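Just below is one structure, and these are the notes that go with it.
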């Protein structure tokens with residue numbers, strides 16, 4: 001999502017490659033995530049991608065997109081309008097996401113900032129619930145200096161306020177490793193919040209506790225689409241149900 005996650009993924013891939021080299025004579029290496037997993041293809045973008053050629057992405061098969069709107073309470077994506085409206089205009093189902101900085105302000109405060117700067121929701125059949133990007137801290141301590149209990153409380157504050165403002169439960173984007181380390185692998189959000197899992201590998205692997213399956217899988221940081229490569233775990237019709245929060 002942000003470059004720190006990509007760095008972690010690349011570091012993990014490098015370490016894996018070294019291990020494979022050592023055991024190559026006696027074991028078969030897992031296949032890399034060189035082809036899209038099963039599911040509906042999509043993408044996510046931020047200011048790193050600048051102005052996106054949405055027609056090209058659509059023609060290459062992307063049917064949904066998440067677009068970074070905000071970070072903390074002091075940053076908005078300068079390309080948000082081009083990306084958010086452009087994806088919509090070519091026919092994609094799209095949503096906005098917020099990069100969390102839990103050490104800077106409360107979850108509710110950041111949820112309000114997100115909604116006030118592009119993270120809202122409407123029942124138009126083409127708008128996904130906003131997503132909370134909660135992951136490795138690009139600026140310091142992995143868990144932002146919060147205890148596991150405090151992190152759980154922060155996430156609850158965000159998703160509850162987002163629900164109060166929009167009537168939707170936010171999608172949660174994370175990795176299983178970060179979630180386990182920083183929340184204690186809590187299952188308290190699995191009943192309401194769709195899971196967007198990040199894992200750059202040929203299989204999605206173990207999921208955070210409580211989620212029997214994922215809704216979205218970010219499986220690579222580059223590919224046929226601008227930005228990160230994703231799949232929705234289902235059909236286009238089912239994605240429309242998520243967008244509409246039921247029939248619409």
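No lab work stands behind these numbers, since they all come straight from the coordinates. No experiment lies behind these values; they were computed from the predicted model shown. Using ideal geometry, Cβ is built from the backbone for each residue, glycine included, and neighbour counts are taken over all protein chains shown.
Things worth noting here:
- Each distinct pair of alpha carbons in segment 105-191 adds a 1/r term; the inverse of their mean, the Kirkwood radius, is 13.5 Å.
- Extension gain, residue 237 back to residue 156 (0.36 nm per residue minus Cα-Cα distance, nm): 26.2 nm
- Burial ordering of 175, 166, fewest other beta-carbon atoms within 10 Å first: 166, 175
- Per-residue Cβ neighbour counts within 10 Å put 217, 48 in the sequence 48, 217, beginning with the fewest.
- Contact order, relative form, for segment 149-248: 18 percent (alpha carbon pairs under 8 Å, 6 or more residues apart, mean separation divided by residue count).
- Gyration tensor over the Cα atoms of segment 75-116: the corresponding equivalent ellipsoid has semi-axes (square roots of 5 times the eigenvalues, largest first) of 25, 10, 8 Å.
- Across the chain, C-alpha contacts under 8 Å between residues 6 or more apart give a mean separation that, scaled by the residue count, equals a relative contact order of 22 percent.
- Largest mean-square fluctuation among 101, 132, 236, in a Gaussian network model of the chain whose springs join Cα atoms under 10 Å apart, belongs to 236.
- Computed over the chain with a Gaussian network model linking Cα atoms closer than 10 Å, the most mobile of 56, 164, 191 is 191.
- Sorting the Cα pairs of segment 38-244 by distance into bins of 5 Å, from 0 upward, gives 1, 8, 17, 21, 22, 17, 10, 3, 0, 0 percent per bin.
- Where a label projected 7 Å from the Cα of residue 148 along Cα→Cβ would reach, residues of segment 184-207 with amide N under 15 Å: 184-189
- Each label point was placed 7 Å from the Cα along the Cα-to-Cβ direction; for residue 124 and residue 35 their separation is 3.7 nm.
- Choice from 163, 80, 189 with maximal GNM fluctuation in the chain (Cα, 10 Å cutoff): 163
- Shape category assigned to segment 207-248 from the gyration tensor of Cα positions, a/c cut at 1.5: oblate
- Long-range Cα-Cα pairs in segment 145-248 (distance over 17 Å), rounded percent: 58 percent
- Full-extension gain in nm, residue 76 to residue 139, via 0.36 nm per residue minus C-alpha separation: 20.9 nm
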